[in-house]
Amino acid sequence: MLKREFWQQFDYLLFGGVLILCIFGIAMIQSAIAGNEDIAGSVSRQVIFVVGGFVILFLTSLIDYRYLSSLTRIMYIVSVVLLMGIYVIGTAVYGSARWFDTGVILIQPSELVKTIMIVILADFFYKTQDQDKNLNWILKSFLITAFVVLWIFIQPNLSMSIVIFVIWFALLWYAGLPFKYLIIFLVAGIILGIVGFNLLEPYQQNRILNFAFPDPNARYGETYNVDQAKISIGSGGLLGQGYGQGPQVQLRFLKVRHTDFIFSAMAHEFGFVGTIFIMSILVFVIIRCFRVGQKASDMFGQLIAYGVGTLLFFQMAVNIGVNLNVIPVTGLTLPFISYGGSSLASLLLGIGFVESVSAHRHRE
């Protein structure tokens, strides 16, 4: 029997906000299918993902997050083994070996690892909070992160590599990174961006080049999806074309509309007002994560909640930025709304961690 304190401290507003977004995501995927038989099973699978994800969320919230501190070494080893296993029994989709094929669904380990890394890094910074915040401290945390990112980068999966490095830097900053080191990071980032461009796969380089130097006469090819996304958003107007009524979606001009470009489909059918309303709920969820972090009883819980909030914000910002063509196409999903079992499960696991911090914050 669960103690009364658990239910009293459980964040129902956070839970409710996430539930609303997931239900809306199922409805939006239903519209985005637009009669396409190839993706007709996406709705039923997403329902299963949502139900399973909320079971994971609830079970995770039951566990006192402090116990996770003793398991981070095992979690790290398992994460690396899963990522390495991709190169032995993994399945390649769209030219990238990122998935395990279970015969029923595809599982993307890097999605799970990005959430697990929040706990691993939060534990590292928690246990080293009394150490000097010097280059040695920074380097240790970087190496912990980089070894995991290496196996993701060579899949190749640049976007997920960037996500995990963003999580690392955010937690490094929350943990007390001295301001003087920001200049070093800025210079290193510029150098890495220039040198690293040559290490990217050709399709990744093309995405960046097409974004930086778009061909104004190109109507198909690399820029087609982004062009259709902009048309979809613009034609949505203030109130939208109506649910299931948007020609860009229903006539399938907008591609990958149930995953990467579901924001454009939403803006097309619900307009500016509807899109702002849904995004406000997502922002509310992010704020609740940070609020849980502020109320946490220790640095470990604080960093877990801040890390999950940062992950949600970064994915939201990048996905919207791609749809608005202000950043190159990355492939990151819109949290809780885009189709995808691995992504949804990993984010709901993260919310479970935050709920654990909230529900157990007063326990000794």
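The values are calculated or read from the model by the stated rules, or taken from the named source; none is laboratory data. Keep in mind the model is a prediction, meaning the values are calculated, not measured. Methodologically, a virtual Cβ is constructed for each residue, glycine included, from the backbone with ideal geometry; neighbour enumeration extends over all protein chains shown.
Can you give me the number of residues within the range 28-50 that are within 27 Å of Phe10 (Cα to Cα) and modelled with pLDDT under 95?
Summing the residues that are within 27 Å of Phe10 (Cα to Cα) and modelled with pLDDT under 95 in the range 28-50 gives 4.
Could you check, for the range 83-105, whether at least one of its residues is of a type in the set (Asp, Glu) and at pLDDT 90 or above?
no
Can you pull out every residue in the range 317-364 that is closer than 19 Å to Asn157 by Cα and outside any helix (DSSP H, G or I)?
Listed by number, the residues that qualify are Ile327, Pro328, Val329, Thr330, Gly331, Leu332, Thr333, Leu334, Pro335, Ser338, Tyr339, Gly340.
Pairs please, first residue from the range 62-79 and in a helix (DSSP H, G or I), second anywhere and acidic (Asp, Glu), Cβ atoms under 6 Å, 6+ apart in sequence or on different chains.
So the pair list comes out as Ser69/Asp123; Thr72/Asp123.
With the requirement that a residue be surrounded by 18 or more Cβ atoms within 10 Å (Cβ to Cβ) and either part of a loop (DSSP other than H, G, I, E, B) or among the polar types (S, T, N, Q) (or both), what does the range 160-195 give you?
Passing the criteria: Ser161, Ala175, Leu177.
I need the full set of residues from the range 162-171 which are farther than 13 Å from Met299 by Cβ and among the aliphatic types (A, V, I, L, M), in order please.
Passing the criteria: Ile162, Val163, Ile164, Val166, Ile167, Ala170.
Mind checking which pairs have a first residue in the range 175-200 that is closer than 30 Å to Gln129 by Cβ and a second that is charged (D, E, K, R), Cβ under 9 Å, 6 or more apart or different chains?
Ala175/Lys133; Gly176/Lys133; Leu177/Lys133; Pro178/Lys133; Tyr181/Lys133
Conditions: (1) among the aliphatic types (A, V, I, L, M); (2) more than 19 Å from Arg73 (Cβ to Cβ); (3) buried (at least 23 other Cβ atoms within 10 Å of the Cβ). Ile138 meets all but one. Number of the miss?
(3)
Taking the range 65-84, which residues are of a type outside the set (Lys, Arg), closer than 27 Å to Leu14 by Cα and surrounded by 13 or more Cβ atoms within 10 Å (Cβ to Cβ)?
Tyr65, Leu68, Ser69, Leu71, Thr72, Met75
Mind telling me which of the residues Lys230, Lys255 ends up being modelled with pLDDT of 80 or more and part of a loop (DSSP other than H, G, I, E, B)?
Lys255
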